[in-house]
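Encoded as structure tokens, the structure appears first; notes follow it.
The values are calculated or read from the model by the stated rules, or taken from the named source; none is laboratory data. Nothing here was measured: the structure is a model prediction, and the numbers come from that model. Every residue, glycine as well, gets a Cβ built from its backbone with ideal geometry; the counts of neighbours run over all protein chains shown.
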Amino acid sequence: MVLAQLGGTITRAIQRMRNATIIDENVLNECLTEIYRALLLADVQFQLVRNMQNNIRLIICSGDLAGGHYERRIIQKAIFDELCNMLDLGKPFFTPKKGKTSVIMFVGLQGSGKTTTCTKYAYYHQKKGWKPALVCADTFRAGAFDQLKQNATKAKIPFYGSYTESDPVKIAVEGVETFKKENCDLIIVDTSGRHKQEAVLFEEMRQVSEATKPDLIVLVMDSSIGQAAFDQAQAFKQSVPVGAVILTKMDGHAKGGGALSAVAATKSHVIFIGTGEHMDEFGVFDVKPFVSRLLGMGGFMEEIHEVVTKDQQPELLQKLSEPKLTLRTMYGLVQNTLKMGPIGQVCIFSIVGYDALSYHPMLVF
Ligand SMILES: Nc1nc2c(ncn2[C@@H]2O[C@H](COP(=O)(O)OP(=O)(O)OP(=O)(O)O)[C@@H](O)[C@H]2O)c(=O)[nH]1
């Protein structure tokens, strides 16, 4: 089940409940069961779904369900908030500062996209005026240094590695020292890929971490790994102090729930997501747009903010909350939609956020 399917299932469950004449305990239970099943199928870990179940029940019980008012909205909002709470840990995490040297160590399973992500991360910062550098401490996979070298050369980012040295700790330390002397402000250390069971490689990861003393350890995870996400993330966290997660391959058939599980397992934020093989297919991870997408509530929030700026939004919301929707307002909405790209990819209620539209008498979904 991909993200859109999960959203569709949840929306349909809520819609069915909305169509019921009376919202009693049975109708509500049926709706919630369907939602939990959808979340489990989307790879959200069982325990997380159970906790969410209890929290949503508490929220709904304290809402105005008895009177039958806005029940769909209360439930949809409870689910939205719960998912956001799972992903948003609310505590500050380490963020490197431009001009001040930070060492960032990347770890992850083999093939998760670690080497590609190291370069994407460096390139992202380089475009913003940073001075990044890449160190290849992956002596395990033949060709790893060549891959990093090729990517780094393409992006004009300095790199360090060796064809002859087999000790990853030595390479990592030398690379970090070299780039510290060159006043690089973002020194990125790529480590060997590993499988969960490979104790030797986990030990190597610990040694590289102890020797280079990174300011941040980033766990790179393939977003399509499914229910295994929680256990894998936990295994890494138990070996080294993972401080952030980057999810790759979000452009593929990712189920999305793995993100929630990874955050829960590592107690650290998802900071970026990879959305393709190319260097610039990489972006900052924002909790609310991600959850909106997960719930099928419009996945183009980033584009919305570009076409309807923050200061224009209150006026648009005001117009939409009036009982009469004028042709002029409708024209403005269509114009904004067109600016957001191919019409097939845009969900109309994305333009202002679903809150206003779910209330609007003329725009019921
Ligand atoms: N579609 C897609 N492919 C990606 C993404 N990130 C990485 N890849 C691809 O995933 C494959 C594996 O990426 P690598 O960077 O070599 O993986 P790695 O984790 O460094 O692998 P090891 O060095 O063996 O541990 C490559 O073909 C990448 O192009 C992404 O966000 N989307």
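Structure notes:
- Arg206 meets each of the listed conditions (1) modelled with pLDDT under 95; (2) in contact with a Cys (Cβ under 6 Å, 6 or more places away or on another chain) apart from (2).
- Identity of the residue in segment 1-21, of a type in the set (A, V, I, L, M, F, W, C) and modelled with pLDDT of 70 or more, that ends up nearest to Gly258 (Cα to Cα): Ile10
- Hey, Ala122 among the small types (Gly, Ala, Ser) and either modelled with pLDDT under 95 or within 18 Å of the chain's Cα centre (by Cα) (or both) or not: no
- With respect to the conditions (1) surrounded by fewer than 24 Cβ atoms within 10 Å (Cβ to Cβ); (2) of a type outside the set (Lys, Arg); (3) within 15 Å of the ligand (Cβ to nearest atom), Tyr163 falls short on a single one, namely (3).
- Of the helices (runs of 4 or more DSSP H) lying entirely inside segment 268-365, those carrying at least 2 residues that are at pLDDT 50 or above are 287-294, 301-307, 313-321, 327-339.
- Among the residues making up segment 95-110, those that are away from the ligand (no atom under 16 Å from the Cβ) and part of a loop (DSSP other than H, G, I, E, B) are Thr95, Pro96, Lys97, Lys98, Gly99, Lys100, Thr101.
- Filter result for Ser209 (surrounded by 19 or more Cβ atoms within 10 Å (Cβ to Cβ), away from the ligand (no atom under 16 Å from the Cβ) and over 20 Å from Cys118 (Cβ atoms)): no
- Where Pro241 falls short, out of the listed (1) more than 16 Å from the ligand (Cβ to nearest atom); (2) at pLDDT below 90: (2)
- Matching residues, segment 250-270, being within 20 Å of Gln45 (Cα to Cα) and within 16 Å of the ligand (Cβ to nearest atom): Met250, His253, Ala254, Lys255, Gly256, Gly258, Ala259, Ala262, Val270
- Evaluation of Leu219 against (1) in contact with a strand residue (DSSP E or B) (Cβ under 7 Å, 6 or more places away or on another chain); (2) closer than 20 Å to Gly108 by Cα; (3) more than 16 Å from the ligand (Cβ to nearest atom) (one fails), failing number: (3)
- Checklist (1) in contact with a Ser or Thr (Cβ under 8 Å, 6 or more places away or on another chain); (2) modelled with pLDDT of 90 or more; (3) in a helix (DSSP H, G or I) applied to Leu201, failing item: (2)
- Test: residue in segment 216-226 that is at pLDDT below 90, outside any strand (DSSP E or B), in contact with a His (Cβ under 7 Å, 6 or more places away or on another chain) and closer than 27 Å to Asp88 by Cβ: yes
- Condition check for Glu34: at pLDDT 70 or above, of a type in the set (Asp, Glu) and within 26 Å of the chain's Cα centre (by Cα): yes
- Pick from segment 194-216, criterion of a type in the set (D, E, K, R) and in contact with a strand residue (DSSP E or B) (Cβ under 9 Å, 6 or more places away or on another chain), ranking: farthest from His269 (Cα to Cα): Glu204
The rows are residues; the columns are (1) without any contact (Cβ under 8 Å) to a residue 40 or more places away in the chain; (2) within 16 Å of the ligand (Cβ to nearest atom); (3) in the same structural domain as Ala235 (by TED's automatic domain parsing); (4) assigned to a helix (DSSP H, G or I).
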site	(1), (2), (3), (4)
Asp81	yes, no, no, yes
Phe93	no, no, no, no
Ser112	no, yes, yes, no
Thr116	no, yes, yes, yes
His125	no, no, yes, yes
Phe145	yes, yes, yes, yes
Gln150	yes, yes, yes, yes
